[in-house]
1. Enumerate the calculated ³J(HN,Hα) couplings along segment 55-61 in order (Karplus 6.51 cos²θ - 1.76 cosθ + 1.60, θ = phi - 60°), each rounded to whole Hz, writing x wherever the residue is Gly or Pro.
2. Using the Karplus equation 6.51 cos²θ - 1.76 cosθ + 1.60 (θ = phi - 60°), what ³J(HN,Hα) coupling, rounded to whole Hz, does each residue of segment 136-151 give in order, writing x for Gly and Pro?
3. I want to verify a result. In a Gaussian network model of the chain, Cα cutoff 10 Å, which of these has the top mean-square fluctuation: ALA93, ALA55, ALA73?
4. To the nearest 20 debye, what charge dipole does segment 32-143 have about its Cα centre, counting +1 at the Cβ of each Lys and Arg and -1 at the Cβ of each Asp and Glu?
5. Please give the solvent-accessible surface of ILE108 in Å², to the nearest 10, using a probe radius of 1.4 Å with every protein chain present.
6. Accessible area, 1.4 Å probe, largest first: how do THR20, THR35 sort?
7. Express in whole angstrom the spacing between the alpha-carbon centres of segment 100-122 and segment 136-154.
8. For LEU34, list long-range residues whose amide hydrogen, built 1.01 Å from N in the peptide plane, is under 5 Å from its own amide hydrogen.
Amino acid sequence: SSSVTSSSSIHPSNHHPNRTGLVAARLGAASVTLTDLPSELPLLRANARANESPASCPVAVEPLKWGDADAVARVGKKDVVLCSDALYQNDEATQLALAETLLGVCEIRKGKGRIMFAYNFRENLAADRRFFDATDALFGDPTRHDVEEDEDIWLFEYQPLTRC
């Protein structure tokens, strides 16, 4: 089971108001970077202000379009990447861009990086297959953690392969 430590920097990548990142800030992360599409940044900044984080955990807000190498470079490498409900009616190209973006922002030195990916199983797992095939190729088999409160939420933990 993973825990957020004060030595970790956290990067939630999702298309919600980034509740996961704001919770990580309160649980002791050293820093948090919240990301979303550029058009969503005003809402993201408002959420960050409304949910003030401890002074010991700076919270940054950055634009990040999946697959944009310049945006990935600006966000930088993070020890922990949190994704929640990121797959919903995405085409295959977007799914592949998400997988590549996760690899781009995840720290790969010394097996340190980790991605926690919450997947909400809806009606068609086959529609998201391209993402899972790509993440398996980039990260290997994930560890699946049970979410007892909701059997439709699957929590996957990925670590970059050392060959990456």
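1. 4, 6, 10, x, 10, 9, 10
2. Once θ is set to phi - 60°, the couplings for segment 136-151 become 4, 5, 7, 10, x, 5, x, 8, 9, 9, 6, 10, 4, 6, 8, 5 Hz.
3. ALA55
4. 480 debye
5. Ignoring ligands and nucleic acids, ILE108 comes out at about 60 Å².
6. From most exposed to least exposed: THR20, THR35.
7. Taking the Cα centre of segment 136-154 as reference, the centre of segment 100-122 is 12 Å away.
8. It is ALA60, VAL61, GLU62, by chain and number.
The values are calculated or read from the model by the stated rules, or taken from the named source; none is laboratory data. What you are looking at is a predicted structure, and each value in this text was computed from that prediction instead of being measured. Counting neighbours? That spans all protein chains shown, and the Cβs are built from the backbone with ideal geometry, glycine included. Accessible surface areas use protein heavy atoms only, side chains included; no ligands, DNA or RNA. Shrake-Rupley method; radii C 1.70, N 1.55, O 1.52, S 1.80 Å.
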